[in-house]
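The values are calculated or read from the model by the stated rules, or taken from the named source; none is laboratory data. The shown structure was predicted, so the numbers you read here are calculated from the model rather than taken from an experiment. Neighbour counts run over all protein chains shown; Cβ positions are idealised from the backbone, glycine included.
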Amino acid sequence: MVTTAPRLAEKYEKEVRPALTESLGRTNPHSLPKIEKIVVSMGLGSAISDKKNLEDALSALTEITGQKPMACKARKSVANFKLRQGMTIGAKVTLRGPRMYEFLDRLISLVLPRVRDFRGLSDKAFDGNGNYSLGLSEVLVFPELNPDKYTRRQGMNIAICITGGSNDDSRVLLQQFGFPFQRPETDDAS
């Protein structure tokens with residue numbers, strides 16, 4: 001069985017890394033920013049009252065990422081939310097290596113163009129350490145999900161963890177990968 005490297009992994013080695021070396025002015029390849037992992041998570045507050053929502057969300061995460069999600073449990077009891085300690089209220093998947101690059105490729109080329117009224121990603125969603133986060137309000141933008149099976153509307157969070165430690169370096173890396181960031185608006189009306 002011959003396996004090929006994901007398209008974005010090859011792009012990183014052949015195009016992105018040399019471009020980063022040139023634009024950032026660094027010769028040490030270990031000082032260049034690199035995507036370490038992607039964490040895909042869902043909050044499932046509605047699973048408190050209906051366990052079917054939990055099963056649907058876990059199934060959707062499995063289909064989207066190709067990996068079994070981990071259920072996240074409540075740490076504290078909150079009476080106002082009818083929440084007890086130990087109840088499952090979320091799910092997450094951590095992607096690394098080839099699966100991470102495959103997921104990122106599908107996100108950039110298939111999923112984001114399918115988002116309704118999409119005008120680009122915010123370039124201000126960095127956390128100060130170079131990690132980038134985005135949210136999707138609807139998981140049905142992923143083409144692998146059957147809309148007849150997943151009728152309930154569910155959102156998800158995607159956190160891209162990048163080594164390097166600087167927001168500017170991470171922004172350059174994601175732009176090289178083809179992330180559709182919003183362009184700054186200019187006043188051409190004058």
request  = Determine whether segment 3-13 contains at least one residue that is more than 21 Å from Ile162 (Cα to Cα), in contact with a strand residue (DSSP E or B) (Cβ under 9 Å, 6 or more places away or on another chain) and either surrounded by 16 or more Cβ atoms within 10 Å (Cβ to Cβ) or touching a residue at least 60 places away in the same chain (Cβ under 8 Å) (or both).
outcome  = no
message = From the list Leu83, Leu54, exactly one residue is under 30 Å from Thr151 (Cα atoms) and either under 16 Å from the mean Cα position of the chain (by Cα) or crowded, with 17+ Cβ neighbours inside 10 Å (or both). Which is it?
response = Leu54
message = I'd like the full set of residues that are of a type outside the set (A, V, I, L, M), assigned to a loop (DSSP other than H, G, I, E, B) and in contact (Cβ under 8 Å) with a residue 24 or more places away in the chain, limited to segment 69-87.
response = Pro69, Lys82
request  = Go through (1) hydrophobic (A, V, I, L, M, F, W, C); (2) at pLDDT 85 or above; (3) closer than 30 Å to Ala71 by Cα; (4) in contact with a Phe, Trp or Tyr (Cβ under 8 Å, 6 or more places away or on another chain) one by one and return the number of the condition Val16 breaks.
outcome  = (3)
In segment 150-169, the residues that are within 19 Å of Gly135 (Cα to Cα), in contact (Cβ under 8 Å) with a residue 40 or more places away in the chain and in a loop (DSSP other than H, G, I, E, B) = Tyr150, Arg152, Gln154, Gly155
task = Return a yes/no flag: does segment 33-45 have any residue that is in contact with a strand residue (DSSP E or B) (Cβ under 9 Å, 6 or more places away or on another chain), assigned to a helix (DSSP H, G or I) and either within 23 Å of Phe179 (Cα to Cα) or at pLDDT below 85 (or both).
result = yes
note = Only unsatisfied item for Thr27, checking (1) touching a strand residue (DSSP E or B) at 6+ places or on another chain (Cβ under 7 Å); (2) part of a loop (DSSP other than H, G, I, E, B), is (1)
ask   = So which of Leu145, Leu140, Leu110, Leu134 ends up being assigned to a loop (DSSP other than H, G, I, E, B) and surrounded by 11 or more Cβ atoms within 10 Å (Cβ to Cβ)?
value = Leu145
